[in-house]
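For reference, the structure discussed in these notes is given below.
Rule-based calculations on the coordinates, nothing more; no lab input. Because the structure is predicted, anything quoted here is derived from the model rather than measured. Quick reminder, even Gly has a Cβ in these numbers, built from the backbone with ideal geometry, and neighbours come from all protein chains shown.
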Amino acid sequence: MRYLILSDVHANLEALLAVLEAVDADGFDAILVLGDLVGYGASPNETVEVVRGLSRPLSIVRGNHDKAAVGIDDATQFHRVARFASIWTGNRLTADNRRYLEGLPRGPLQVDRRVSICHGSPRDEDEYLLSNEVADAALADATSQVTFFGHSHLPGFFVRRDQGVESAWVGPGPVDLDLDPEASYLLNPGSVGQPRDGNSQASFMTYDGDAGRAHWQRTPYAIAVAQQKILDAGLPSVLAHRLSRGT
Ligand code: ZN
């Protein structure tokens, strides 16, 4: 099985289309989407529609921004800019796309025998996985050898073996990781639509389940177009500026 893994698109249509163009999406057996389709960016409906129209079998979970945009979550945990963007998004979603987001399942979601997906962490969809201690506890709850997660927008992984948990963030270039079949993993593809690791290029990953090989990749996209749409929409300008900084 070959998987394409996308997370945190955040209504950035230009980044999403660039990723789908950079890989032959039809060549994958499954596409896994780890939540936060919307929020921050200016193209929520177009983004939802592209994902709904993907031609390969899709496994998807909701993210905290998806919940906030449709009112499942009241966004009181959000900072001012995120809350503003969430209300803006909720006002623009079509009834059909709103229903789609409302129906997204809470993670973790078991994709097959060896692979699961979640937004934040296997034990809590809103939890940030940033430390080995938290990852260790989360891996204790994981139901499969490989779990893909998002939420932090930081590409990298945690691996748990008998001797404990290790982790690494992956750098800007393409990175391959051969998984140890005896170990369990939490893998983060980074964010398609709002990278926060100082690299402005869209981040995503692929996974070859037969070879046990994970691959992180970046692709440039029309950042200026996405930025102009944010400004034209009247969304906070910081949401446009951060895209070119990758923060
Ligand atoms: Zn996010």
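When both bridge partners sit in the chain, DSSP labels roughly 70% of those beta bridges antiparallel. Globularity index of the chain is 0.94 (Cα radius of gyration / 2.2 N^0.38 Å, N = number of residues). Here is the P(r) of the stretch 115-247: all C-alpha pair distances, binned every 5 Å from 0, give 2, 10, 20, 20, 18, 12, 8, 6, 3, 1, 0 in whole percents.
For the chain, what is the charge dipole size about the Cα centre, in debye to the nearest 20, if Lys and Arg each add +1 at the Cβ and Asp and Glu each add -1 at the Cβ? It would help to have the intermediate numbers written out before the result.
Details: 22 positive and 32 negative charges, 144 e Å.
Roughly 700 debye, rounded to the nearest 20.
Shape index of the stretch 193-247: Rg/Rh, with Rg the Cα radius of gyration and Rh the Kirkwood radius from the inverse mean 1/r over Cα pairs, equals 1.15. In sequence order, the stretch 63-69 has phi-based couplings of x, 4, 6, 5, 4, 5, 5 Hz under the Karplus curve 6.51 cos²θ - 1.76 cosθ + 1.60, θ = phi - 60°, and Gly or Pro positions carry x. Out of every Cα-Cα pair that the stretch 46-123 contains, those further apart than 22 angstrom amount to 29 percent. What percent antiparallel are the DSSP beta bridges of the stretch 157-247, to the nearest 5? Approximately 100 percent, going by the DSSP bridge assignments.
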